[in-house]
Amino acid sequence: MHLHDLSRDRHFRHGASDMLAFGPGLAAWGLVTGVAMTQSGLGVGLSILMSVTVYAGSAQLASLPLLASGAPMWVIWASAFCVNLRFVIFSSQWRVHLGHLPRRRRLVLGYLLADLNLVVFQKAWPKRDVHETGQARYAAGGAVAVWTVWQVSSLAGILLSSLVPLSWGLGFAGTLSMLGIAYSLLTDRTAWIAAIVSAAAAVAAFALPLKLNILVAIAAAVAASVVMAKTGRPAERAS
Amino acid sequence: MTAQVAWALPGWAYGAITILGMALVTALSRGFFLWSKRDVRLPDPLQRALQVAPLAAIVAVTAPEILMTHGELIGTWREARLPAALAATAFYAWRPGVLGPLLAGLAVYMPLHIGLGW
């Protein structure tokens, strides 16, 4: 299906509009990332190339000091992979919903699906272990929305880097909008406990390099959820 | 080998190759379980437990941004992020959403941060 036909699809539009609620926070984050890339000395051309092709904000930010210090390529790639390890876990969730697509299409779509996409997707489709009609189009709508907002704001940050005062702490706008979405996901006891465990682990393991504290936090939350599933009542778990 | 490439290539080309490699890493990690032609399914209990992973990731990114500064827990009240996060939380409790809590948080954060330097 071409993008032109897709844009009239109900699920696609729904996916895009659900995502646009996060537009302001996402844009603030994209802007800050754009500024950070240029100010690290990457240059306008390479900053644009990075934004458009790498398209993973946390890995981009983690790579900047390494690039600036002339670290070997493989070190930069390995650290990008470490920062991106959570996407490996996410892709097993996407497989449930996108597995029916032709391989090339699901790989292209998968490449475009960031953290926010899965979180918003899970809110819209609460039955997480079944595939339902329209899910791929919904995901594609969200992917196009995030891509557009991120690239436009990141490009603005790259081109206007000298005009955007980082001392204003604009990046905190991104954090605040993440806070809103985290609250909206706290729908049951399992989610609450996972969030509390994750926050504690992320803070405790903060000293780890390469943002590996995020992976530790995910592992701790998943482990807590396994324990809860074993001890909790089945009815509650099913929710 | 990378050292030789670095020596032979102009800086922008070396940077461009590094960046394109990173793009490949994004594609590999996001497509990891989408690659196989067979239907890959993790064991059901694990798959179910992994459903908390996205929430955990969002919280893991957000919590240190609110609670920590320079790698340590914030130890002072003169820090704009704490009242801002409280304002966003209170707004969410009143009216759930994304934009409302964001604006409420910024309304507290900006004056304290820019005005008072907290």
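Can you name the condition, by its number, that A:Leu113 falls short on among (1) within 15 Å of the chain's Cα centre (by Cα); (2) modelled with pLDDT under 95; (3) among the aliphatic types (A, V, I, L, M)?
All conditions are met except number (2).
Taking A:Ala143, is it aliphatic (A, V, I, L, M), assigned by TED's automatic domain parsing to the domain that holds A:Trp94 and in contact (Cβ under 8 Å) with a residue 24 or more places away in the chain?
So A:Ala143 fits the description; yes.
Looking at (1) crowded, with 17+ Cβ neighbours inside 10 Å; (2) modelled with pLDDT of 90 or more; (3) within 17 Å of the chain's Cα centre (by Cα), which is the only condition A:Ile48 fails?
(3)
Could you go through region A:91-98 and let me know if any residue there is farther than 22 Å from B:Leu42 by Cα and at pLDDT below 95.
no
When you scan region B:36-53, how many residues do you find that are hydrophobic (A, V, I, L, M, F, W, C) and more than 7 Å from every other protein chain (Cβ to nearest Cβ)?
The number of residues fulfilling the criteria is 1.
Check region A:36-43 and report whether any residue there is touching a residue at least 24 places away in the same chain (Cβ under 8 Å) and within 25 Å of B:Val98 (Cβ to Cβ).
yes
Inspect region B:73-89 for any residue being at positive phi and within 9 Å of chain A (Cβ to nearest Cβ) and give the result as yes or no.
There is no residue in region B:73-89 that is at positive phi and within 9 Å of chain A (Cβ to nearest Cβ).
Rundown of residues vs (1) within 7 Å of chain B (Cβ to nearest Cβ); (2) free of Cβ contacts under 8 Å to residues at least 40 places away in the same chain; (3) surrounded by fewer than 18 Cβ atoms within 10 Å (Cβ to Cβ); (4) closer than 25 Å to B:Val40 by Cα, yes/no style:
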site	(1), (2), (3), (4)
A:Val54	yes, yes, no, no
A:Ser58	no, no, no, no
A:Ser63	yes, yes, no, no
A:Ala68	no, yes, yes, no
A:Pro72	yes, yes, yes, no
A:Phe81	yes, yes, no, yes
A:Phe87	yes, yes, no, yes
A:His100	no, yes, yes, yes
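Select, from A:Val164, A:Val226, the only residue that is under 21 Å from B:Leu46 (Cα atoms) and either more than 17 Å from the chain's Cα centre (by Cα) or surrounded by fewer than 18 Cβ atoms within 10 Å (Cβ to Cβ) (or both).
A:Val226
Would you be able to say whether some residue in region A:122-133 is touching a residue at least 60 places away in the same chain (Cβ under 8 Å), under 25 Å from A:Ala219 (Cβ atoms) and within 11 Å of another protein chain (Cβ to nearest Cβ)?
Yes.
Checking the structure you have, find out if any residue of region B:38-49 is buried (at least 18 other Cβ atoms within 10 Å of the Cβ) and free of Cβ contacts under 8 Å to residues at least 12 places away in the same chain.
Within region B:38-49, one or more residues are buried (at least 18 other Cβ atoms within 10 Å of the Cβ) and free of Cβ contacts under 8 Å to residues at least 12 places away in the same chain.
The values are calculated or read from the model by the stated rules, or taken from the named source; none is laboratory data. All of these numbers come straight from a predicted model, not from anything done at the bench. Glycine also receives a Cβ, built like all others from the backbone with ideal geometry; neighbour counts cover every protein chain displayed.
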